[in-house]
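This report refers to the structure that appears directly beneath it.
The values are calculated or read from the model by the stated rules, or taken from the named source; none is laboratory data. All of these numbers come straight from a predicted model, not from anything done at the bench. Note that we place each Cβ from the backbone using ideal geometry, even for glycine, and neighbour counts take in every protein chain shown. The accessibility values were calculated without ligands, DNA or RNA, using every heavy atom of the protein model including side chains. Shrake-Rupley method; radii C 1.70, N 1.55, O 1.52, S 1.80 Å.
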Amino acid sequence: MCLWFNRDKLIEDIAADETLKYGECSYRTPEKVENLSLCDLPFAKRSQYKAEREYRVFGENTGNNHHFKFSPSSLERIYLNAWLCWSEYKDLKAEIEERYLDDFNDVEIMQSRVLDSNKWQDAVKQIPKD
């Protein structure tokens, strides 16, 4: 399952939770790593990963499970696994709608169509079977 968010609205939700630390990653060469502070370390990555444009969110380690709550307006789509058969997709979609979409009634629930791509189908056929 993949949740697709409106970035600006989700960041507002994250910022409202005082137990979270968040920010964009900085991409550094080995020479620039030595200038990092301890606070910057969780947001640093090697420079070759710059294309990822990663945004990280960390919860404080309190020993308790932390459940982040986002506002209904920040969630835009839910993509379900492309490998589900049609009946599994329909059942899972119905379950999600029944449980959650009173609050998230504008959320679009879709099945990933990546497997409709001939390139993906050909690549999967090439994978050796054990």
In the chain the accessible area split gives carbon plus sulfur, as whole percent at 1.4 Å, a share of 50
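Can you give me the relative contact order of the range 1-48 as a percent, contacts being Cα pairs under 8 Å and 6 or more apart?
Relative contact order, the range 1-48: 35 percent.
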A student applying the Cα gyration tensor rule (rounded when a/c is under 1.5; otherwise prolate if a/b is larger than b/c, oblate if not) would label the chain oblate
Full extension between Lys50 and Asp122 adds, at 0.36 nm per residue less the Cα distance, a length in nm of 22.9 nm
Check: C-alpha center the range 1-40 vs C-alpha center the range 75-106, spacing in Å is 28
Once both label points are put 7 Å beyond Cα along the C-beta direction, the His67-Leu38 separation in nm becomes 3.2
Farthest towards the positive end of the dipole of the chain, among Ser47, Ala82, Phe68 and with Cβ unit charges of +1 on Lys and Arg and -1 on Asp and Glu, lies the Cα of Ser47
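Kindly count the pairs of lysines across the chain whose alpha carbons are less than 15 Å apart, treating pairs on different chains or eight or more residues apart as eligible.
Details: Lys9/Lys69; Lys21/Lys69; Lys32/Lys45; Lys32/Lys50.
Lysine pairs meeting the criterion: 4.
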Scalar couplings 3J(HN,Hα) for the range 45-51 by Karplus 6.51 cos²θ - 1.76 cosθ + 1.60 (θ = phi - 60°), nearest whole Hz, x for Gly and Pro, are 9, 5, 4, 5, 9, 4, 5
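In the neighborhood of Glu97, defined by Cβ-to-Cβ distances under 14 Å, what is the net charge if each Lys or Arg adds +1 and each Asp or Glu adds -1?
Combined, the nearby Lys, Arg, Asp and Glu give -3.
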Sparse-neighbourhood loop hits (trypsin sites (Lys or Arg not before Pro), the range 1-61; DSSP loop; Cβ within 10 Å at most 14 others) -> Arg53
Once phi for every residue in the range 13-30 is put through the Karplus expression 6.51 cos²θ - 1.76 cosθ + 1.60 (θ = phi - 60°), the whole-Hz ³J(HN,Hα) values, with Gly and Pro written as x, are 5, 5, 5, 6, 9, 5, 8, 9, 10, 8, x, 6, 6, 9, 10, 10, 7, x
Yeah, the range 24-87 with a ≥ b ≥ c from its alpha-carbon gyration tensor (a/c under 1.5 is rounded, else prolate when a/b outruns b/c, oblate otherwise) is oblate
